[in-house]
Amino acid sequence: MENEQVIFQQAKKYDCFYLYDERKIVEHTDRLKRDFSSVEFLYSIKANSAPAVVKCVIAQGFGADAASLAEVELAHEFDVPADKIQYSAPGKRMEDIGAAMDISTLIADSIGEIARIQEIAKAKNTIAEIGIRINPDFTFSDGAGTPSKFGIDEKQAFSLISEWEKLQNVRIVGIHVHSRSQELNANVLERYYRKMFSLADAFQNAIGRRLRFLNMGSGLGIPYSSGDEPLDTASLGAKTEKLMEQFTEKLTGVSIILETGRYAVGKSGCYVTQVLDRKESMGTTFVILADTLNGFIRPCLAQLITSYSKDDAPIGSEPLFTGRDAFQFVALTDETELEKVTLAGNLCTATDIVAKDIIMPKLKRGDLVAITNAGSYAAVLSPVRFSSQVPPAELFLSCHGTVSDASKI
Ligand SMILES: *Cc1c(COP(=O)(O)O)cnc(C)c1O
């Protein structure tokens, strides 16, 4: 396990904690910048909104993909300019739109929302330069679209362009599509990007002018289970650059944007918990860990989903469920004797089960267990108030080796 000394040090102070490693964030964001040299990146703050993490990714030159007004404001506090903060979410309130309008780029999510943006921009006596989120007539895997709670159907959007162009206080400067997360196959992503380039070209033709940006959303996956092949970002980057060349006449001057939460930070974090008790029950050995379901819910969710599903590999439901073995459990002990155990948590619910019948070194009270892949959709998703336990700390390990509270900067 990496950073083992730091983990042992911090475990003296905290029962349970997340540790985010700045070096890993820099490594992953540097790789994207190198492999996609002509693409602009936005960090999807909802993956991990700990201020130290957000600050680090922004310092790497990323803009912000904000899913709420609070995330818009966080990015704004870090001096990200309005054209590099894209606020995309369904169901924005009037107050959200009003407060975000001057400090971010609103991505309209519905036909009604465009009318509301117009109303607010008019009252402010300004022109809102916005993007619109489109629900395309295609998916990652297919040539046909599907109903979606996100965005405006492609056909509807094309039929309304001339109406929108008449609005006095709204100007559409970009389009946004986000179809799916956690794709590991570069060819699948390339096919999707190609369709996105064509969509942007068609949209420009319909609107009769150049767009400022084409936001292709995310999809960049990370290896979770030990059998996952990492996404070949070098190959995908080269394919993307080639596409940009092919479309150069049509899309020169249009910023090509990718958003990612998990690729930037997912592999940077682990969750550290400790053994509180162990017991035998009717032939099963239970190891009771501190703050699992309430501190890092996703391993418990994976157990729950796989126990309901008859399928060997139930399809993912990101970001709540990736797969049945998306997390590794690392015992931080020198013990060499192995045993089969069920890892459970200390909450008063039978669903607080982390892993069933896995082989681990023999664990005793006080031993530490680290859970991997806890840099994204981990702390932010966990029901920390459940059963009134102390929430886990979030710690940030800087490139210089210093450890600080990630929730403060
Ligand atoms: C959540 C989200 C993302 C980030 O997805 P990852 O899988 O973490 O990269 C990107 N774009 C939009 C619109 C999102 O809602």
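Side notes on the structure shown:
- Taking the convex hull of Cα positions in the stretch 50-110, its mean projected area over all directions (nm²): 3.8 nm²
- Rounded Å value of the spacing that divides the Cα centres of the stretch 80-150 and the stretch 1-35: 35 Å
- Kirkwood-type hydrodynamic radius, the chain: 22.7 Å, calculated from all non-identical alpha-carbon pairs.
- Our analysis of the stretch 319-409 gives Rg over Rh at 0.98, with the two radii drawn from alpha carbon positions and Rh computed by the Kirkwood formula.
- Stretching ASP153 away from LYS242 to a fully extended chain increases their span by 29.2 nm, per 0.36 nm per residue minus the current alpha-carbon distance.
- Proximal charge balance of GLU337 [Cβ under 14 Å; K/R count +1, D/E count -1]: 0
- Cα→Cβ-extended label distance, 7 Å offset, between VAL380 and THR139, nm: 2.4 nm
- Charge context of ASP30, other residues only, Cβ under 11 angstrom, K/R +1, D/E -1: +3
- Ratio of Rg to Rh over the stretch 16-129 (Cα coordinates, Kirkwood Rh, two decimals): 1.04
- For a straight C-alpha distance cut-off of 16 angstrom, the lysines reachable from LYS92 (same-chain residues fewer than eight places away being disregarded) are LYS46, LYS149.
- For the chain, the solvent-accessible area of protein heavy atoms averages 45 Å² per residue (probe radius 1.4 Å; ligands and nucleic acids excluded).
- Gyration tensor (alpha-carbon) shape descriptor, the stretch 75-187, a/c threshold 1.5: oblate
- Share of carbon and sulfur in the accessible area of the chain stands at 50%, probe radius 1.4 Å.
- Sorting the segments 291-298, 86-93 by their mean number of nearby beta carbons within 10 angstrom, highest to lowest, gives 291-298, 86-93.
- Relative contact order %, the chain, counting alpha carbon pairs below 8 Å whose residues are six or more apart: 21 percent
- Shape of the stretch 80-121, Cα gyration tensor, a/c cut at 1.5: prolate
- DSSP-assigned coil residues among chymotrypsin sites (Phe, Trp or Tyr not before Pro) in the stretch 126-183, each with at most 15 further Cβ atoms within 10 Å: PHE140
- Sequence of HIS28, HIS178 from largest to smallest accessible area, 1.4 Å probe: HIS178, HIS28
- Entry note, the chain: the mean residue ellipticity at 222 nm calculated from DSSP H runs of n ≥ 4, each adding -39500 (n - 2.57), is -9500 deg cm²/dmol after division by the residues and rounding to the nearest 500.
- Within straight-line cross-link reach of LYS340, aspartates and glutamates at Cα separation under 12 Å, skipping those fewer than 8 residues along the same chain: GLU280, ASP357
- For the stretch 100-163, the convex hull drawn through the C-alpha positions has a volume of 92 cubic angstrom per residue.
- Of LEU160, ALA11, ILE45, farthest towards positive along the dipole that unit charges on Lys, Arg, Asp, Glu beta carbons give the chain: LEU160
- Cα extents of the stretch 143-289 along the three principal axes, largest first (Å): 71, 34, 28
- Computed E for LYS362/ALA70 - FRET, C-beta separation, R0 60 angstrom, nearest 0.05: 0.85
The values are calculated or read from the model by the stated rules, or taken from the named source; none is laboratory data. Note that the coordinates shown come from a computational prediction; the quantities given were computed from them, not determined experimentally. In this analysis, Cβ positions are derived from the backbone assuming ideal geometry, glycine residues included, and neighbour counts consider all displayed protein chains. To get the accessible areas, we keep the full protein, side chains included, count just its heavy atoms, and leave off ligands, DNA and RNA. Shrake-Rupley method; radii C 1.70, N 1.55, O 1.52, S 1.80 Å.
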